[in-house]
Amino acid sequence: MDKKAIQQLPNFRPNKTPVKKTVKEVVYHVVGIVLSLIFLFPIIYMLATSTKSESSYAAGLGSLSMFLPDFANVGTMFENYKSVLVNYDIWKYALNSFLYAAIVIVLNVIVNGLAGYVMAKLRFPGKRLLSFMIIFLIVVPVETSIIPLYSIVKIMLGLKQQMTVIGVILPATISIFNIFLFTQFFEGIPKEYEEAARIDGSNTLGVFAKVIMPLSKPIIATVAVFCFIGVWNDYLWPSMILPSADDGSWPLLPIQTALMDIQKQEGITTGEIMSSLIITSIPIFVIYVAAQKYIVQGFGTAGLKM
Amino acid sequence: MLRTTLIILAIFVALFVGFVIYDLKTAKRRRETYRTKSSITAYLMLLPAVILAFLFILLPILYSLGYAFTDYYLLKPNDINFIWFDNFKNFFEELKTKGTLYNAIKNTLTFVVGVVPLQIGLGLLLSLFVNRPGIGSKIFKVCFFAPVVISLSVTSFLWLQILAAGENGLLNSLLGVFGFPPHDWLRDPKTAMPCIIVLSAWQGCGYQMLIFLSGLSNIRKELYEAASLDGANIWRKFWLVTWPGLRSTFVYIIITVFIGACRILTQPMLMTGYQDHTVTLSYYMYQQGYTFRWVGQSSAVALIMTIFIGGITLIQRRIFREKK
């Protein structure tokens, strides 16, 4: 169809003029900026307040400087961070969180990866019962069984101080949904890879470690990222299981649980609270920026949960 | 407790062995061949996952089911008696007398009714807003997503400062500029739940936006072009092209947001504590089971919640599937 014919169509509307288009662009961006500011204002407030001492926070109340960092005292801008890191031991709690997350990630990938490989690639009697149970546990929304879990772990470990760390880590190492993710991914790996390795004399475990795992970096990264976010953000379960340290020894609490205690400390300033919140958020922020690709992939596969 | 665990384990092993024998018997008919060596390898590789899943997923679920009919008190694990439906009788008793449980149900429903449409609506609007090429929309997308990165507990503590009573809170000090007196947002029964709804929608809608965006990217461009050739305006395009194209995404989102909203616990727990005007079902469950140590009563509430959420989820799936 040539141009003239198109213009004669009954519903033809000519392209908008460039001026109209520019106006539209400007309006779009202004609306976008206003919306972004509305969304970001609590975060800006948090960042700004974290640089202020109690007196300069009080001085800025009710004015625009609530959302601006404390430019008047640039030298002491990071005093609050130093204070919460050293005086309130946040760095110890953060280290704990990293440690728990690292152990959980390694165990989670091994345990669920092995199970996913078996479900995807091996044939054995009784497989149908297991696949049915996996689907059942994913689809049925089971209401928090955290209280029975607590009684089981408590009886299992006897809640000795040193053992409680195991109580925090072990329940997080199994995830039915991760087994499902691994199974889905492994099913897409062509048989030829395995067969080639088998001809070279590898056994099943060798094939898994030498062939399957190196091919599965994307799914391992996705699982690892979500494990990290899960462990880092969990505060309830550790708060039930772990004792809070009050005798000066190395604390066992992860950072999110420790936040609950830090809030209640006497004499803590608003600025210090805000810096502790920011320090807690930084690793997750870094993960979201660095592992964007895998997180989006994870969101994509989350749709499979249906 | 150990005995019950062993009995459950025995039942599961028996069930599994039964299936194995059945599979072996019918193997020939299904033209399936099992090799002993590879089957044993498979079992060994499954073992860690099966043990952990049994201990930390299956057992808690089954115990939760069982405890609902007992008078289990956490500190007396050796003295558990079946009291059958007494826990559920208490449940309805407390409902009738408008006790804490009544408030918990009322607040949870308020939260669900408020947050589900707000969060999904915001997510949808934001995704439509940023669904266009250009650097501007990309930056806006990051801004709208930023609250998701902050965890729920950090969000709660942050908003605790924003909504703080007295003149030190951000909201009160801003309102103070316009001459409003400071208000105790979280202790006032009228404003506490709405505040929690707003901050939860703020925190969560970026996630919904991202899922809607992935749904939007699956809609073919030609459909829009065809619609504009037919002279459809922006509304008709939305109803004729965008909305049908987003249906499956929408079903997924509405079910996940609904289930998540029913489970709300963090915000009231960290922001107000165990108060009648903000207590929710999950919080009630946690408090009964952990703080008051009445595991039996707590499990009964969990069971009722599971049935309620499962039922509503089924209904939602049915409704949206039939409309296809």
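Simple rule: put +1 on each Lys or Arg Cβ and -1 on each Asp or Glu Cβ in segment B:15-85, find the dipole, and look at B:56, B:15, B:82; the Cα lying farthest toward the positive end is B:15. Taking all Cα pairs closer than 8 Å and separated by 6 or more residues, the relative contact order of segment B:1-139 comes to 11 percent. Partner shielding of A:130-136 amounts to 2, given as the average count of beta-carbon atoms from other chains within 10 Å of each residue beta-carbon. In the protein assembly as shown, taking the dipole from charged Cβ atoms about the Cα centre, the farthest positive-side position among B:177, A:101, A:294 is held by A:294.
For chain A, the share of alpha carbon pairs falling in successive 20 Å distance bins from zero is 23, 42, 27, 8, 0 percent. Treat each spin label as a single point 7 Å out from the Cα along the C-beta direction, and report the residue B:319 to residue A:265 distance in nm. Calculated label separation equals 4.9 nm. Within chain B, helices built from complete DSSP H runs that reach 18 Å or longer along their own axis (Cα positions) and carry a mean Kyte-Doolittle hydropathy of 0.0 or higher are B:2-25, B:36-53, B:100-130, B:135-149, B:189-216, B:247-262, B:295-322. Does segment A:82-182 classify as rounded, prolate or oblate by the C-alpha gyration tensor (a ≥ b ≥ c root eigenvalues; a/c under 1.5 gives rounded; else a/b over b/c gives prolate, otherwise oblate)? Cα axes put segment A:82-182 in the prolate bin. Restricting to Cα pairs below 8 Å that are 6+ residues apart, what does the relative contact order work out to for chain A? Please round to a whole percent. Here the relative contact order equals 27 percent. Take the Cα of residue B:307, step 7 Å toward its Cβ, do the same at residue B:139, and the gap between the two points is 5.5 nm.
Relative contact order of chain B, taken over Cα pairs closer than 8 Å and 6 or more residues apart, is 25 percent. Per-residue mean of foreign Cβ neighbours for B:2-8 is 1 (Cβ atoms of other chains, 10 Å radius).
Mean partner shielding of peptide A:274-284, defined as the number of other chain Cβ atoms within 10 Å of each residue Cβ, is 3.
The aspartates and glutamates within cross-link reach of residue A:293, meaning a Cα-to-Cα straight distance under 15 Å and a gap of 8 or more places when in the same chain, come to none at all. Note on B:76, A:264: ascending count of other Cβ atoms within 10 Å places them as A:264, B:76, the fewest first.
What fraction of the Cα pairs in segment A:88-265, stated in percent, has a spacing above 28 angstrom? Everything past 28 Å amounts to 36 percent. Summing Lys and Arg as +1 and Asp and Glu as -1 over all other residues whose Cβ lies under 11 Å from the Cβ of residue A:271 gives a net charge of -3.
For chain A, hydrophobic long helices are taken as DSSP H runs at least 20 Å long by C-alpha position along their axis with mean Kyte-Doolittle hydropathy of -0.5 or more; these are A:18-49, A:90-121, A:217-233, A:270-290. Within the listed set B:180, B:144, B:157, the Gaussian network model of chain B (springs between alpha-carbon atoms below 10 Å) gives the highest mean-square fluctuation for B:180. Across the cross-link table entries A:154/B:106; A:21/B:237; B:138/B:237, which are compared at the Cα atoms, the separations over 26 Å belong to A:154/B:106. Under a model in which nothing but the beta-carbon of Lys, Arg (+1) and Asp, Glu (-1) is charged, chain A shows a dipole of about 1560 debye around its Cα centre.
Rounded to the nearest 500, the helix-only mean residue ellipticity at 222 nm of chain B stands at -22500 deg cm²/dmol, with each DSSP H run of n ≥ 4 adding -39,500 (n - 2.57). Take each peptide in B:243-250, B:21-28, count the other Cβ atoms within 10 Å of every residue, and average; sorted highest first, the result is B:243-250, B:21-28. Model label points for residue B:82 and residue B:175, set 7 angstrom from Cα along the Cα-to-Cβ axis, are 5.5 nm apart. Over 32 Å between C-alpha atoms is what I'm after, so list which of A:191/B:141; A:264/B:141; A:92/A:210; A:20/B:221 land there. Distance filter (> 32 Å) returns A:191/B:141; A:264/B:141; A:92/A:210.
Available extension along the chain between residue B:187 and residue B:22 is 53.3 nm, counting 0.36 nm per residue and deducting the alpha carbon span. Placing unit charges on the Cβ atoms of the charged side chains and taking the dipole of segment A:88-265 about its Cα centre, the candidate lying farthest along the positive direction among A:153, A:227, A:141 is A:141.
Can you bin the protein assembly as shown into rounded, prolate or oblate? Criterion: square roots of the alpha carbon gyration tensor eigenvalues sorted a ≥ b ≥ c, rounded for a/c under 1.5, prolate for a/b above b/c, oblate for the rest. Oblate, because a/c is 1.5 or more while a/b does not exceed b/c.
Listed by Cβ neighbour count within 10 Å, with the fewest neighbours leading, A:99, B:55 appear as A:99, B:55. The fewest-to-most ranking of A:166, A:179, A:278, B:304 by surrounding Cβ atoms within 10 Å reads A:166, B:304, A:278, A:179. A prolate overall shape is assigned to segment B:2-67, the ratio a/c of its alpha-carbon gyration tensor axes (a ≥ b ≥ c) being 1.5 or greater and a/b exceeding b/c.
Quick note: the coordinates plus some simple rules give every number you see, no bench work behind them. Computed from a prediction, not measured in an experiment: that's the story for all the values here. Please note: Cβ atoms are built from the backbone with ideal geometry, for glycine as well, and neighbour counts cover all protein chains shown.
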